[in-house]
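> The structure that follows is given in the form of structure tokens.
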């Protein structure tokens, strides 16, 4: 790729970004779009007063940027929780890393690369100077200038490791401070117990009660046996929807909405009273709910949430194996009641263990076999081959417009489409694997998606692009550095373009929220329940974090190979910082709070990127006839891994659980707290299944509430 | 090797075994050897009455076998502890496994192998039939008879896995029963705390006290800060020895022992009073001890044993992270006071972590580089090469006697000598690694020695024997099955001979105890302190277990390749069973009690052997033109590993610690125990450093005891 082509691409994408910004700044000022661009404010009732018409509404402005910039980290913490703060720290951390990298890269490495003659020897002539002359490929083989790259690699590694250490320490301290300042949370006092053994004639509830009153007489508070309520939930959900419809029909009182014809599309046949019909249907549903509920009481699963009076009591039950048989009385950290999510919940030890093995295999197979569509899609860019396989396409492909689309946009579009479905698929895998909280599922899916992205975007492009794509290579670890050293620099221009298109434009698109905008538009146009409750979305961490980390990987690996990528990355991170800050404050509401548990993923990804860079450096210095530099680089990945192992021991325990010291301190503070007794009362019912908890409708419809109120005893 | 050669070797070794048996049965009846053959009985005062002279004393008899056979497992348990029982279970387990294997191998596989014609095609003629005709190599390529081997591999794997499961369950239950029936042990109530943070102006002791009284007010009992006492111990040891000498000199009162000349070897010069001289020396030593002791009080290490009133209290402190900073207040299971052994103790987190990394690297390097002497030693068997390198040897090597020694015995002797020093070296590595108990060091050394043995005896012989020895192979995992399939069957005869020589004869040698016998003989002949206290040895598990497990590995891998090895193995296990039973009852006293923690090593070794066998089977079936069988074997190692992973989850927690249920039950039983208060008192001083504990000599020598009694306050 030559410089002008890159500049064109940058220009187009920059234009798109400005277009999206302008679009956003106008659209967000339209009152009808408040539900799209500020659902959090609408839900909190803060968004109404600004919607009076004036000319400003039609002019693009940058006020939102100032508003997104202004709040401090503490404001963000109180507004969106620690997870949002940690998410924004990824941007701050990356900005620090790549500012340092850009200073070295642009002012030191880039001139050195450009002054080399390796590529000019092959091509000769300035007009042919491609982007490659800015990469390490242009430095002469065996040149002593490569020692500058060598030093840069060392300096960069040391800088990143220091930064990682301080960032880890900072987030650990934030996590602790957050814990100390938080109110008592049900999950701190509760553990989930699975594989409860039952003796004949006793219920699970009796079994749990007798076990914990026997062994934890002073701290045991209450328990809540888990029941199979998926069918009941489904029925109640239906009933709720129908009830909502009835309420609307009643309040509107307009005959054209209330009455409808029975025939085709409501156009022919006899006129029927929808309200009447719906109420009859609801009665039938109530019967179903009642029958199902009475059967649910019996459907006890051999698992229960067990609550304790103190955090230390819960921690003791969690950390010490309970039963004699290690496959019984298995305790697990309980998630927050609202965070509980287990479409594939299983109380059996064996079943969960088998599921987990199957999922691991499935994820590996999916990650590796996904390359097949990638390779096929890349095949689409070779028109001549396409014409050989599908001769009937020959006439169509002769039009230059069609062939441009096929070669230019279609492959990446198909790839993006495939990739778009990965995060939900991985989240599903994680939920099958046995995670019981939405937060844990997202965290696990985040890791899966990250590896998936690294393998299928980085390695697939690098290796297939160099026509060296073979899985066999993994079986010959000695050849890997050389292979990467040949392949990776060759893809530098591709990844610079990737940062500009996928990085810049996708992030700007995030701002415009085309999908929700489109949905609201459709809904508003073609009827639909406009009075339906506004759903505040939550940020899909398992989609966003891997994407951001992947750009970090690109930056780290290409830092000394092709420093030209760094300014583009910096722009991406600046954009991301301001845009995601805006979105977190206005659009996304936190769905759960892990207390910063996403940070270790960032740390691991950074360490992996560093080691990958070192391996490439070892290969490159070898290829460039500088074997001494190559050998001297070998200690670097080893030292990095040792550093990582130290960090694991130094910081990871903080992210896994709280220490006895902090738990006991918090417990003591609670003792002086007058509200703790009412908290205990709440705690006893906090983990009751929502399907068994009485549902209260805002109107006083007796006939509706009564059947849903008589929840069975837990 | 032809059959007659094997039979000769078997004959010689069988003869040796019988010789050793006869020798043992005579020697053990001599009163003077009681300290060698029954030190336990002597120490317990049970061994005196049988030593009256009669003719029977000079005749070999098999009475000891009956006596070793008679005691039940419970007798062994009460006599030698659970570790001894688990050690004997290895023999019982192996006997079960290889009886099954031998039935299939001898009656099914051996005839099939012998009926093959693969090797006869190459050699032709019955007189040339070697031992190889009994191996799988003799089965025709592509013959359907190989399916018999295939079925045998599957049946054997299923049998071994079932047996492993039941054995694990059996030993787990034994472990629990042992725990329930045992008296309160100090280590159950105590944890070792390291990396204790100290604020300026406060001692470690204050810091520990304030921390645990603050956070564990109801269960904290006492603590004992660790001090650097290695120098003090050394001084006290010297003083003790000198004191023993003085006591002997006093009691003997014979002038030839008491007086000695000052000159060369006590032959010339003026006569001096040894007693007088020694007493003066002792006084000087006492001064040193006093000075050192006063300085030790200040030399507090930032680590302490902290004791609790209940087992659950200790378990809570152990399992829940204590301090805010994960590198401070690190808790660890405390060993039994007598089991504490830490020549390389360090309280610092970083130092221990670095030591552990260094040791891991050192062990790997040692394990791999040890092959250099092995290869050199194997080179000795090639006389022609030796003559080329060392021409001056030519004349010596011409004598057939010398060349026989060089080729026949010297290589294996040198190898054995090298191997002999491995267990102590590995134990030293383990102690540097940071293990704090003798039992843990032996357990860790056991694993290290096992891997060392497997690599340096099995793989080195297999791979260098086939002239295919290259470490590179490890970097090409795809080739491993084929490589092993070619190399392993070729070494069958070598390993059969190895079982007979190293297995049978070494085990019989264990019975005769040549080394201690020789030492006692020397001591008795050439003076020495005959009244020195009798030291009852303990069984070196880290030497014996790897040896026994290695024979298991040979049996499993050669089961379907060369079933002829199995009868020899069975003989080895029968010999071992009776001999080690005898030794455990008469010779070895338990030095520590891990409660069966050695079993997981046996389990892992067995699983590794099975998987190795599967890999060889995959290679063999491929080589023998039966690709279908080869492919159908692939699921077997995977299923075995899944089985192993299940066992890990099902049984390993039992070996790591006791459950809350059992801890609380034991704690409650203690409450009704009237002796518990006196136990608490003992507990408070149990972990005081022996160097600081008052030393009581049996005689009432006031001048000696007084300086050693005034131990400083803990």
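> Residue A:521 to residue A:364: extension gain in nm, 0.36 nm per residue of separation minus the Cα-Cα distance? Please report the intermediate quantities before stating the final value.
Details: separation 157, 0.36 × 157 = 56.52 nm, distance 4.03 nm.
Full extension from residue A:521 to residue A:364 adds 52.5 nm.
> With the convex hull built on the Cα atoms of the stretch A:598-675, state its orientation-averaged projected area in nm².
Values: hull surface 26.0 nm².
Dividing the Cα hull surface by four gives the mean projection, 6.5 nm².
> With a cut-off of 20 Å, note down the residues of the stretch B:562-606 whose backbone N falls inside the zone around a label point 7 Å from the Cα of residue B:65 toward its beta carbon.
The answer is B:567-587.
> Next question, about the same structure. Which distances, in nm and shortest first, link the residue A:79 label point to the same label point in every other copy, taking 7 Å along Cα→Cβ?
Values, ascending and in nm: 7.9.
> In square nanometres, what is one fourth of the surface area of the convex hull spanned by the alpha carbons of the stretch B:493-611?
9.0 nm²
> May I ask you to report, in nm to one decimal and beginning with the shortest, the distances from residue A:151 to the same position in the other copies, taking label points 7 Å along Cα-to-Cβ?
7.4
> Let me ask something else. Using Cβ counts within 10 Å as a stand-in for footprinting exposure, how do A:566, A:417 rank, fewest first? Kindly include the intermediate steps, with their values, before the conclusion.
Working: A:566 25, A:417 11.
By the 10 Å Cβ count, ascending, the order reads A:417, A:566.
> Same structure, new question: Whole Å is fine, so just give me how far the alpha carbon centre of the stretch A:539-611 lies from that of the stretch A:635-665.
22 Å
> For labels at residue A:103 and residue B:57 in the simple 7 Å Cα→Cβ model, what's the distance in nm?
9.1 nm
> What translational D, rounded to a whole number of µm²/s, comes out for the stretch B:167-211 from Stokes-Einstein when the hydrodynamic radius is the Kirkwood one over Cα pairs, at 25 °C and 0.890 mPa s?
Here the translational diffusion coefficient equals 176 µm²/s.
> Further, regarding this structure: If neighbour count is taken as other Cβ atoms inside 10 Å, put A:44, B:240, A:667 in order from fewest to most.
Details: A:44 11, B:240 15, A:667 19.
Ascending number of Cβ neighbours within 10 Å: A:44, B:240, A:667.
> Which value does Rg/Rh take for the stretch B:175-256 over its C-alpha atoms, Rh per Kirkwood?
1.24
> Quick one: A:316, A:219, fewest Cβ neighbours within 10 Å first, how do they rank?
On the way: A:316 25, A:219 19.
Ordered from fewest to most neighbouring Cβ atoms within 10 Å, A:316, A:219 come out as A:219, A:316.
> Then there's this: By Cβ position, which chain A residue lies least far from the axis that rotates chain A onto chain B, and what is the distance to the nearest whole angstrom?
Of all Cβ atoms in A, the one closest to the rotation axis yields A:319, 2.
> Starting from the 7 Å offset along Cα-to-Cβ, what nm value, one decimal, do you get for the label separation of residue A:648 and residue A:288?
The answer from the label model is 5.1 nm.
> A follow-up question, please. Can you list the residues of the stretch B:13-30 with backbone N under 18 Å from a point 7 Å past the Cα of residue B:79, pointing along Cα to Cβ?
B:25, B:28-29
> Additional query: Rg(Cα) of the stretch A:1-110 divided by 2.2 N^0.38 Å? Numbers along the way, then the final one.
Details: Rg = 18.9 Å, N = 110, 2.2 N^0.38 = 13.1 Å.
The value comes to 1.44.
> Shortest first and in nm to one decimal, what separations exist between residue B:681 and its copies in the other chains, measuring from label points 7 Å along the Cα-to-beta-carbon line?
Label-point separations across copies, in nm and ascending: 5.2.
Quick note: the coordinates plus some simple rules give every number you see, no bench work behind them. Not measured: the values here are computed from a predicted model. Ideal geometry is used to build each Cβ from the backbone, glycine not excepted, and the neighbour counts take in all protein chains shown.
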